[in-house]
Structures are given as C-alpha cells and as structure tokens.
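Peer 1: Take a look at this one; I'll ask things after.
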Amino acid sequence: MISVDKIKGIILDYGATIDTNGKHWGEVLWNAYQENQIPVSKASFRDAYVYGERYLATHPVIQAHYTFKDLLLAKTEIQIKWLIENNFLPDNDNSSAYSFAISNRCYNFVRSVLKNIYPVLEKLASQYPLVLVSNFYGNIEAVLKDFSIDLFFIEIIESAVVKIRKPDPDIFSLGVKALQLKPSEVVVVGDSYKKDIVPAQMIGCQTIWLKGEAWEPENSENKADAVIYDFKELEIILLSSGKTL
C-alpha cells in the first residue's frame with residue numbers, strides 16, 4: 001500500500017520505463033526485427049542482444065554526445081555483426097542495411113511513446129522534484145536533451161558515471177541524497193522488479209512497479225507498494241489529493 005501523503009519526491013527509471021512505457025528493450029528490438037523481416041529466430045536474436053549488451057558494458061563504444069538514434073545504430077550494428085559472424089545471417093548488402101532499418105524503427109517507436117508520456121512528466125515535475133536513476137551507457141544527458149525531457153529532472157544519476165549499477169541499492173541512495181529527503185518520502189518508479197523495486201525497498205523508499213512486457217518472467221511474489229500497467233497511471237496515484245492507496 002502506498003502512502004501518497006508522505007511522498008515529497010520521485011525517482012524515475014529511464015530505459016523501459018519512460019522510453020517504452022514498460023516494454024523491455026529486448027522485445028522492442030525483436031518487434032523491429034520482425035517488422036523488417038530479418039530472417040533470424042528469436043533465440044538467435046536473444047543471444048545477439050545479450051552479447052551486444054555485454055560488449056557495450058566493457059568497450060567504450062558509446063560516446064557522451066551520442067543521441068538515442070546514434071546509440072540504437074551502434075547497438076544494432078553490434079547485434080547484426082554477431083549474427084553474421086555466427087552464420088545466423090548472410091553477409092550481403094541486405095544484412096548491412098538491417099541495422100539502419102531496426103534503429104530507425106525503434107527510434108520512431110520511442111518518439112511516439114514519449115509524445116504521450118511528456119504531459120505526465122510535465123505534471124509530475126510541477127508538483128514534485130524528479131531525479132532520474134538509470135543504468136545507462138554514459139550518454140543519458142544527450143538522450144534526454146534530444147527528446148526535450150532533460151528539463152524535468154533536478155539531477156541525473158547514471159550508472160556509467162557514478163560507477164554503480166542497479167540492482168545495487170547504493171545508486172538509489174544517491175537519488176535520495178539528490179532529493180535531500182528521507183527514503184520514506186521518496187517513491188521509486190521502475191519497470192524491473194529485481195533492479196528497481198527490490199533495491200529501492202531495501203533503503204526504505206516507497207515503490208511503484210510499471211509492469212509491462214518483460215524480457216523474462218518477473219518475480220511472482222510482488223511486494224511493490226503499487227503496480228501500474230501504463231505510465232499515465234502515475235497521474236491517478238501521485239497527482240491525487242494526498243490519499244493512501
């Protein structure tokens with residue numbers, strides 16, 4: 001049960017919370033693969049996706065000035081290269097064009113999502129201080145500016161910058177410190193039960209789980225203070241008149 005009357009600040013996740021409205025990025029990318037009729041199985045794609053994320057975590061591919069379109073192109077180029085090298089895709093002109101098609105499709109998808117989420121962020125920021133806490137690649141500020149949503153956050157806590165990654169609860173402690181509030185006065189909103197909800201509760205924050213299309217089954221033992229299925233539901237919960245829900 002969430003105590004709205006106690007909330008004085010909000011910590012928001014970014015990836016798969018704000019940019020996709022709860023849909024895991026693996027699923028977003030897979031949909032783009034299918035829409036562009038890329039002839040690989042989902043199992044092969046999953047392996048390429050996992051390889052790409054691990055590669056980006058250990059190699060300085062993403063530069064601080066990269067927009068989200070730049071990031072998507074870099075990610076998909078790594079995936080397609082892996083699929084070609086492991087004989088899941090032929091090495092031809094069609095394959096070399098796939099990364100552009102996928103990244104453009106995903107970028108346009110995020111644009112459409114943010115068009116609907118922008119008014120919600122605007123309303124939340126008018127009533128609460130907002131801090132962004134995200135596992136990201138070192139270019140989150142460029143991404144937020146590209147989408148014109150950077151102005152809503154009083155501070156941005158990015159894993160690649162602070163050298164702490166979720167689910168380490170210390171990254172949420174940094175968010176609470178930025179808000180200059182008690183943990184009990186802060187609500188954390190995120191799409192990942194394991195990486196957002198559990199560590200946030202460990203430090204005493206309230207939690208709202210945006211439960212969307214997950215990459216793999218989430219914890220069935222839900223202890224989040226509230227569960228939503230659309231980012232817009234935050235208006236109902238957090239912009240209501242101080243009720244305990």
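We did not get these values from a lab; they are worked out from the coordinates using the rules stated. Owing to the predicted nature of the structure, the values given are computational and were not obtained by experimental measurement.
Peer 1: Given the options ASP196, ASP19, ASP93, which has the most mean-square fluctuation in a GNM of the chain, springs set between C-alpha atoms less than 10 angstrom apart?
Peer 2: The residue with the greatest mean-square fluctuation here is ASP93.
Peer 1: Then there is this: If the elastic network links every pair of Cα atoms under 10 Å, which of ASN92, ASN36, ASN135 fluctuates the most in the Gaussian network model of the chain?
Peer 2: Greatest mean-square fluctuation among the candidates belongs to ASN92.
Peer 1: Further, regarding this structure: Stokes-Einstein D for the chain at 20 °C, 1.002 mPa s, Kirkwood Rh over Cα pairs, in µm²/s?
Peer 2: 115
Peer 1: Using only the alpha-carbon atoms of segment 25-110, report the extent along each of the three principal axes, biggest first, to the nearest angstrom.
Peer 2: 33, 27, 24
Peer 1: Return one number: the angle in degrees, 0 to 90 and rounded to the nearest 10, between the long axis of the Cα atoms of helix 170-179 and the longest principal axis of the Cα atoms of the chain.
Peer 2: 50
Peer 1: Tilt of helix 25-35 relative to the longest C-alpha principal axis of the chain, in degrees (0 to 90, nearest 10)?
Peer 2: Once rounded, one gets 40 degrees.
Peer 1: How far is helix 93-127 tilted, in degrees, relative to the longest principal axis of the Cα atoms in the chain, given as a value from 0 to 90 rounded to the nearest 10?
Peer 2: 10
Peer 1: OK, next. Filter the cross-link list LYS81/LYS194; LYS163/LYS211; LYS23/LYS75; LYS123/LYS166; LYS6/LYS177; LYS75/LYS211 down to pairs whose alpha-carbon distance in this structure exceeds 23 Å.
Peer 2: Over 23 Å apart, Cα to Cα: LYS81/LYS194; LYS163/LYS211; LYS123/LYS166; LYS75/LYS211.
Peer 1: I'd like the distance between the alpha-carbon centres of segment 1-45 and segment 118-161, rounded to an integer number of Å.
Peer 2: Here the answer is 16 Å between Cα centres.
Peer 1: Could you work out [θ]222 nm for the chain from helices alone, using -39500 (n - 2.57) per DSSP H run of at least four and dividing by all its residues? Round to the nearest 500 deg cm²/dmol.
Peer 2: That comes out to -14500 deg cm²/dmol.
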